[in-house]
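What follows draws every value from the coordinates through simple rules; no lab data is involved. None of these values were measured; they are calculated from a predicted model. Cβ sites come from the backbone with ideal geometry, for glycine too, and all protein chains shown count toward neighbours.
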Amino acid sequence: MKRFIYLSLLLFVSLSCAKTETVSSNVKAKRYFDAWLQMTCPAAYVNGEKGWGWYLNPDKEVAGTGEPVADSAWVQVHFIARSQGGIVIDANEESVHRQIGDYFLTHYYGPVVWNKGDASALQAGLRDMLKDMRIGGKRQAFIPGWLNSTADYSSGKDYFNDTANAGIAMMYDVEIVDATNNITRWGVDSLVRYVNRHPSCPYAKSKTDVPVDKARFVRCAETSKDTTQWGFWFQRLKEPEKVKALPNDTTVYVDYVARRLDGIVFDTNIKDTARKYDFYSSSATYSPMKLKLAGNFLDIKMVSTSDGSESSLIQGFTYAVKHMQPGEWGVALFHQGMAYAQSSQAEIPAYCPLMFELRLVDAPQ
């Protein structure tokens, strides 16, 4: 009995003295990431770390033949992002969204612009992964969670030590379509090419009562002097009922149809149009938009018909309305600087030029 007690005490002491391994969360994340990578893509694991600590799959590397993107602040890409479980987190490919069952007609599917010059706009791992790519290049990269961060450090070690801002590990398939250091010029140039292909609006020909030889996109003289600042075109579809100067603070009413350049209608305040393009909502209010004019188009506001409150609109919209007359119908075409700039949503990607069909109408009864 004494011997049993003695052995028990020795076991208790030995267990009490055993050290429990203390591992930080970033070390645990590293071990998990390495195990996942070895199972998912052994070739990438054997190939070793790149840059700040991401991994490249050499079997899917396609060297681009275009210009290097290292010095470009903005890159236009096709991409698919997957989690460690293989779930598609984000993608801009229509085929992918059809496959996973969340395709919507009005959503945008096509190349998108990433701002790799801004740490707050693009994760560190993606910014680092893009550095040595060229236009036309394709790459599959495995990016650990600590690099899936928008913090701004100068080394991979600093990201690894910052557990507070770490995200989840991701696998990215990326193809570089284009790159630029002047996003405004890039946007304006894309519209110049569009107007060269489509001198008149391809979606409104049947509605125009303006002579065919005059029904063309015309670049606004006021803005054409400096394309780095503005990019605005207008095509008149219907002559105004009368030409007169509208005083400041005049209230006008506008019907509109909003399109991307691919022709997809994503917004309107006209009920029949919403039904035609299959995004009618019974909870939405379809009626002419009430606007209060101002001396400067930047100061034109939308006025709520319920409480009279005022709100701002995108510049391309108010610039067009400022230069229209009662009864006039036209199409405004403008670059992203007069639209939503770097902001994005499902229907409108970042840095997206837009087309608005506008008509000044009578006040609703």
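Applying 1/(1 + (r/R0)^6) with R0 = 51 Å to the Cβ-Cβ distance of Thr65 and Ser25 gives a FRET efficiency near 0.75.
Farthest towards the positive end of the charge dipole of the chain, among the residues Ile270, Tyr45, Ile80, is the Cα of Tyr45, using unit charges on the Cβ of Lys, Arg, Asp and Glu.
The calculated 222 nm mean residue ellipticity attributable to helices in the chain amounts to -7000 deg cm²/dmol, summing -39500 (n - 2.57) over DSSP H runs of n ≥ 4 and dividing by all residues. In the chain, the longest principal axis of the Cα atoms and the axis of helix 183-197 are about 50 degrees apart. Relative to the longest principal axis of the Cα atoms of the chain, helix 2-17 runs at roughly 40 degrees.
Toward the positive end of the charge dipole of the chain, with +1 on the Cβ of Lys and Arg and -1 on the Cβ of Asp and Glu, the farthest Cα among Tyr159, Val177, Met289 is that of Tyr159. When the Cα gyration tensor is reduced to axis lengths a ≥ b ≥ c, the ratio a/c is 1.5 or higher for the stretch 270-331, and with a/b not above b/c it is classed as oblate. Each Lys and Arg adds +1 at its Cβ and each Asp and Glu adds -1 at its Cβ; summed about the Cα centre, the stretch 25-180 shows a dipole of about 420 debye. Of interest is the spacing of the C-alpha centroids, which for the stretch 347-365 and the stretch 107-171 amounts to 34 Å. In a simple Cβ point-charge model (Lys, Arg +1; Asp, Glu -1; nothing else charged), the stretch 183-361 has a dipole of about 440 debye relative to its Cα centre. Going by neighbour counts of Cβ atoms within 10 Å, the residues Val88, Val243, Val252 line up, fewest first, as Val243, Val88, Val252.
Extension gain for Asp262-Ala284 works out to 5.4 nm (0.36 nm per residue, less the C-alpha to C-alpha distance). The charge dipole of the chain, taken about its Cα centre with unit charges on the Cβ of Lys, Arg, Asp and Glu (plus for the first two, minus for the last two), comes to roughly 400 debye. The modelled label-to-label distance for the pair Asp34/Asp158, using points 7 Å beyond Cα in the direction of Cβ, is 2.5 nm.
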